[in-house]
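The values are calculated or read from the model by the stated rules, or taken from the named source; none is laboratory data. Please read these numbers as outputs of a predicted model, since none were measured by experiment. Counting neighbours? That spans all protein chains shown, and the Cβs are built from the backbone with ideal geometry, glycine included. For accessibility, only protein heavy atoms count, side chains too; no ligands or nucleic acids. Shrake-Rupley method; radii C 1.70, N 1.55, O 1.52, S 1.80 Å.
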Amino acid sequence: MAQKTLLLTGASRGIGHATVRKFHTEGWRVITCSRHPLPEGCPWGGEDHVQVDLGDPSDTINAVGQIQERLNGKLDALVNNAGVSPKGPNGERLSTLNTDLMDWGRVFHVNFFASVVLARGLKEELAAAKGSVVNVTSIAGSRVHPFAGAAYATSKAALAALTREMAHDFGPLGVRVNAIAPGEVETSILSPGTDKIVEKLPMQRLGQPNEVADAIYFLCSDSSSYISGAEIEVNGAQHV
């Protein structure tokens, strides 16, 4: 069987890094996208890394052509994982009252519009592979979160709505579109005070990046062949 190909944004740390490892373990080729070059000695990347600033609309549009040059006409999976969440000077949450308008624009370009640009730009390659799109939303997209800012939360809510719209529009092309909504996951960017949230979770522990990566892989695999338009909560029942 031909090797399958994944395009992943936000691959450098946390959930993205775990997702690269998972798909590599399963024998997939992984093309990564990030604003920075991959560090030296990284076991993946090289020609399969596209350096792009997803906060820049023109740069994102231009990256589509670079990605297509690396494909053989087929893309089995697109995972829109990149996300930014600006904080205040002391790391505090930014609300609708004090988030700079430029920050609103950048957050939505990275967290929302880049997903539209990549999926639309690569629709032919996705259709040729009968592929899958997975958008990474957040528990913050459905409720006010003590640490996630207003711009981040609303961009993730918009991404959840986009997932439904894309599932409707891409379905006739044979392409499935789903989302996962992580909760509190143990990564390097956890905010101080997260332990107070964890105490109230039904499962009373942080999620692990590999647990989220497993859910992403499931939605890109044949095991989920009739699932589309869904948003899977990966949060230890935090949403209940």
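Some points to look at:
- Of (i) 48, 40, 37; (ii) 56, 33, 31; (iii) 46, 44, 29, the label for Cα extents along the principal axes in Å derived from the coordinates: (i)
- Residues in the range 60-87 that a label on Val116 would reach, taking backbone N under 18 Å of a point 7 Å out along Cα→Cβ: 60-64, 80-84
- Gain in span if fully extended, Ala230 to Gln68, counting 0.36 nm per residue against the direct Cα distance: 55.6 nm
- Cα→Cβ-extended label distance, 7 Å offset, between Thr25 and Asp56, nm: 3.6
- For the chain, the per residue solvent-accessible surface stands at 49 Å², with DNA, RNA and ligands left out and a 1.4 Å probe.
- With respect to the chain, whose longest principal axis is taken over its alpha-carbon atoms, helix 14-25 is tilted by about 30°.
- The chain, accessible surface, carbon-and-sulfur percent (1.4 angstrom probe): 53
- The phi torsions of the range 152-166, fed into the Karplus equation with coefficients 6.51, -1.76 and 1.60 and a -60° offset, translate into couplings of 4, 4, 6, 5, 6, 5, 5, 5, 5, 5, 4, 4, 5, 5, 5 Hz, rounded to whole numbers, with Gly and Pro shown as x.
- Modelled FRET efficiency - R0 25 Å, Arg164 with Ala127, Cβ distances, 0.05 increments: 0.85
- Accessible surface, 1.4 Å probe, highest first, among residues Thr99, Thr154: Thr154, Thr99
- Dividing the summed -39500 (n - 2.57) terms of all DSSP H runs of n ≥ 4 by the residue count of the chain sets its mean residue ellipticity at 222 nm at -11000 deg cm²/dmol.
- Across the chain, C-alpha contacts under 8 Å between residues 6 or more apart give a mean separation that, scaled by the residue count, equals a relative contact order of 20 percent.
- For the chain, the longest site-free run once GluC sites (Glu not before Pro) in DSSP loop states with at most 14 other Cβ atoms within 10 Å are removed: 93-185
- These residues, Met1, Met102, Met166, go from largest to smallest accessible area, 1.4 Å probe, as Met1, Met102, Met166.
- Working from label points 7 Å from Cα in the Cα-to-Cβ sense, the Asp214 to Lys200 distance is 2.7 nm.
- Computed over the chain with a Gaussian network model linking Cα atoms closer than 10 Å, the most mobile of Gly183, Gly91, Gly55 is Gly91.
- Of the trypsin sites (Lys or Arg not before Pro) found in the range 121-178, those that fall in a DSSP loop while having at most 15 other beta-carbon atoms within 10 Å are Lys130, Arg143.
- In the elastic network of the chain, a GNM with C-alpha springs shorter than 10 Å, the most mobile of Asn81, Asn90, Asn62 is Asn90.
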